[in-house]
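Okay, structure first, notes after.
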Amino acid sequence: MKNILLLFLISVVYIEVNAQNPIIKDFGMADPHIYIFNEKAYLFSTRDADSTAKDFIMPDWHIWSSDDLVNWHYERVIKPSETYMGKGSTKCWATETVEKNEKYYFYFSNGNESTGVMVADKPEGPYKDVLGKPLLAKDLTPGLEYDPTVLVEEDGTAYICFGWYLGKNEDMRYYIAKLSDDMISLQEKPKAIVLNKEGGFYNDKPNLHKFNGKYYLSAGSLYAISDTIYGPYDYVGNSGNGNYGLTRQAHGNYFTWKNQWFHTWCKFHLDSNIKFRESYITYLHYKDNGEMVDDINFLEKHFATGVGRYDANWDKIEAEWYMKAGKVNKAESPNGSFEIQKIQNGGTLYFPNIANLSDKETIQFYVSATKKGSIEIRDKNETGNILGICNVTGTGGFKSYKLLSCDLDGLKNVNDICFVFKGKSTDILHLDWFSFK
């Protein structure tokens with residue numbers, strides 16, 4: 001009843017929500033994919049309609065948008081009756097959306113049987129089924145033609161990957177094909193993707209993304225890496241740890257925005273026998289060797305808060321939890337975690353939505369440095385009012401840390417903080433975390 005009521009409200013009013021983990025509560029949100037179009041985040045999801053169902057009942061797709069990954073505005077429902085699937089289908093399975101040639105392409109699954117494509121002029125739609133039939137028809141390959149992922153290269157070349165990977169079964173593979181420039185037809189016959197190392201890497205809903213010239217193919221939070229998009233791919237491991245639904249069933253995607261990486265995924269709300277899911281989000285980091293790491297520390301301490309929100313009463317705020325950055329680098333720290341390094345003059349870190357700041361008098365930074373520099377604490381952005389300045393001296397090297405403290409003033413009505421770094425070095429300091437007193 002709760003899900004039916006929410007859907008009714010969505011159909012008649014403007015809905016704003018700021019639930020975090022789960023991203024949207026009590027909605028049955030599954031297969032979340034967040035994309036950045038025109039400097040705005042768009043979340044496309046499927047919906048589990050029945051919180052007691054033992055089979056998937058997925059009657060439609062939904063689009064939400066956000067300017068900050070905190071506050072979400074409901075945009076649109078896409079119904080199967082708008083596609084070749086027809087009215088009354090409950091097999092609106094996982095999707096993918098990409099932009100090319102100033103058009104937006106929404107690739108959708110008709111259960112595990114076929115994949116279609118819709119096109120729109122705006123990311124929020126409306127979308128139109130331009131083919132009126134599958135793009136990936138049933139029996140196109142020896143495998144299954146559903147759960148698409150699409151990657152558009154820097155030169156505009158696009159590839160679609162789909163299906164189910166099941167170990168040594170040569171038919172049950174992920175298949176990949178180059179898309180034609182029109183994005184609604186295939187330029188070549190699909191090829192099976194090969195994994196050199198498998199490591200238990202099997203499930204449906206593949207996802208492709210790219211980082212530092214490498215191709216990442218994921219199944220839930222398990223992933224493999226290749227130097228070429230066709231593979232072969234080498235299994236690496238789990239970006240998570242099995243908790244919070246970070247398993248091979250964690251359908252979702254990895255994405256970057258404002259020089260930060262994030263991971264969004266879904267989890268069966270009760271257990272895998274009940275087909276009702278909810279969706280989560282956390283920060284994502286890359287090790288020096290290219291391995292991905294979900295920020296489990298953040299999930300364990302601040303799961304319900306979600307990304308993009310903080311509390312000045314927390315014992316510490318990790319520097320890598322920023323929401324926007326410039327002229328800095330996030331990397332592994334000597335203590336085995338992550339920190340901010342290679343900070344240049346004018347480098348910035350942005351932390352919005354900090355609760356309980358008004359009564360704080362000082363800020364502490366846990367840093368390492370080899371030369372002199374300073375950290376300006378500013379209101380809202382890099383040109384905002386200066387709330388304090390912390391001078392930094394050498395700490396004895398980048399493996400030697402000190403806790404520095406400076407006074408703050410003018411915090412009344414301040415919610416958003418921006419750090420501005422000043423110094424003559426191209427690696428002014430390394431910032432591990434900060435806290436308020």
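Could you please let me know if Asn3 is modelled with pLDDT under 75 and closer than 24 Å to Asp147 by Cβ? Don't jump to the end; show me each part of the working.
Working: modelled with pLDDT under 75: yes; closer than 24 Å to Asp147 by Cβ: yes.
So Asn3 fits the description; yes.
Consider the stretch 375-399. How many of its residues are more than 17 Å from Asn345 (Cβ to Cβ), polar (S, T, N, Q) and over 33 Å from the mean Cα position of the chain (by Cα)?
1
The conditions are (1) over 22 Å from the mean Cα position of the chain (by Cα); (2) without any contact (Cβ under 8 Å) to a residue 60 or more places away in the chain, and Ile296 fails exactly one of them. Which is it?
Here Ile296 meets the rest and fails (1).
Condition check ((1) β-branched (Val, Ile, Thr); (2) at pLDDT below 95; (3) outside the structural domain of Thr264 (by TED's automatic domain parsing); (4) part of a loop (DSSP other than H, G, I, E, B)) across all residues:
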{"position": "Thr115", "(1), (2), (3), (4)": "yes, no, no, no"}
{"position": "Gly125", "(1), (2), (3), (4)": "no, no, no, yes"}
{"position": "Thr141", "(1), (2), (3), (4)": "yes, no, no, yes"}
{"position": "Glu145", "(1), (2), (3), (4)": "no, no, no, yes"}
{"position": "Val150", "(1), (2), (3), (4)": "yes, no, no, no"}
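Can you find, within the stretch 417-428, the residue that is nearest to Thr362 (Cα to Cα) among those that are surrounded by 12 or more Cβ atoms within 10 Å (Cβ to Cβ) and out of contact with any Phe, Trp or Tyr (no Cβ under 7 Å at 6 or more places or on another chain)? Break it down into steps so the answer makes sense when it comes.
Within the stretch 417-428, the subset surrounded by 12 or more Cβ atoms within 10 Å (Cβ to Cβ) is 417-423, 425, 427-428.
From what's left, out of contact with any Phe, Trp or Tyr (no Cβ under 7 Å at 6 or more places or on another chain): 419-423, 425, 427.
Values: Phe419: 14, Val420: 17, Phe421: 18, Lys422: 20, Gly423: 22, Ser425: 26, Asp427: 25 Å.
Filtering the stretch 417-428 for residues that are surrounded by 12 or more Cβ atoms within 10 Å (Cβ to Cβ) and out of contact with any Phe, Trp or Tyr (no Cβ under 7 Å at 6 or more places or on another chain), the one nearest to Thr362 (Cα to Cα) comes out as Phe419.
Working only within the stretch 244-294, note down all residues that are of a type in the set (Val, Ile, Thr) and not in a strand (DSSP E or B). Break it down into steps so the answer makes sense when it comes.
Taking the stretch 244-294 and keeping what is of a type in the set (Val, Ile, Thr), we get 247, 256, 264, 274, 281-282, 293.
Passing the criteria: Thr247, Ile274.
So Lys380 ticks every box in (1) under 20 Å from Ala331 (Cα atoms); (2) of a type in the set (Lys, Arg); (3) in contact with an Asp or Glu (Cβ under 6 Å, 6 or more places away or on another chain) but one. Which box is left unticked?
Here Lys380 meets the rest and fails (1).
Can you tell me which residue among Asp227, Asp271, Asp288 is within 21 Å of Met58 (Cα to Cα) and surrounded by fewer than 17 Cβ atoms within 10 Å (Cβ to Cβ)? If you could, list the steps in order and put the result at the bottom.
On the way: Asp227 fails: within 21 Å of Met58 (Cα to Cα); Asp288 fails: within 21 Å of Met58 (Cα to Cα).
Among Asp227, Asp271, Asp288, only Asp271 is within 21 Å of Met58 (Cα to Cα) and surrounded by fewer than 17 Cβ atoms within 10 Å (Cβ to Cβ).
Kindly evaluate Ala192 against the criterion of being surrounded by fewer than 19 Cβ atoms within 10 Å (Cβ to Cβ) and assigned by TED's automatic domain parsing to the domain that holds Thr256.
Details: surrounded by fewer than 19 Cβ atoms within 10 Å (Cβ to Cβ): yes; assigned by TED's automatic domain parsing to the domain that holds Thr256: yes.
Yes: the conditions hold for Ala192.
Of these, Thr256, Thr247, which one is crowded, with 19+ Cβ neighbours inside 10 Å, of a type in the set (Ser, Thr, Tyr) and either touching a residue at least 60 places away in the same chain (Cβ under 8 Å) or more than 23 Å from Phe106 (Cα to Cα) (or both)? Explain how you work it out, then say what you get.
Values: Thr256 fails: crowded, with 19+ Cβ neighbours inside 10 Å.
The unique qualifying residue is Thr247.
Looking at this structure, is Asn101 surrounded by fewer than 19 Cβ atoms within 10 Å (Cβ to Cβ) and over 24 Å from Lys178 (Cβ atoms)? Write out each step before concluding.
Numbers: surrounded by fewer than 19 Cβ atoms within 10 Å (Cβ to Cβ): yes; over 24 Å from Lys178 (Cβ atoms): no.
It is false that Asn101 is surrounded by fewer than 19 Cβ atoms within 10 Å (Cβ to Cβ) and over 24 Å from Lys178 (Cβ atoms).
With respect to Val77, determine if the residue is part of a loop (DSSP other than H, G, I, E, B) and either touching a residue at least 24 places away in the same chain (Cβ under 8 Å) or buried (at least 18 other Cβ atoms within 10 Å of the Cβ) (or both).
Working: part of a loop (DSSP other than H, G, I, E, B): no; either touching a residue at least 24 places away in the same chain (Cβ under 8 Å) or buried (at least 18 other Cβ atoms within 10 Å of the Cβ) (or both): yes.
Judged against the criteria, Val77 is not a match.
The values are calculated or read from the model by the stated rules, or taken from the named source; none is laboratory data. Treat the numbers as computed from the prediction; the structure is a model and nothing was measured. Methodologically, a virtual Cβ is constructed for each residue, glycine included, from the backbone with ideal geometry; neighbour enumeration extends over all protein chains shown.
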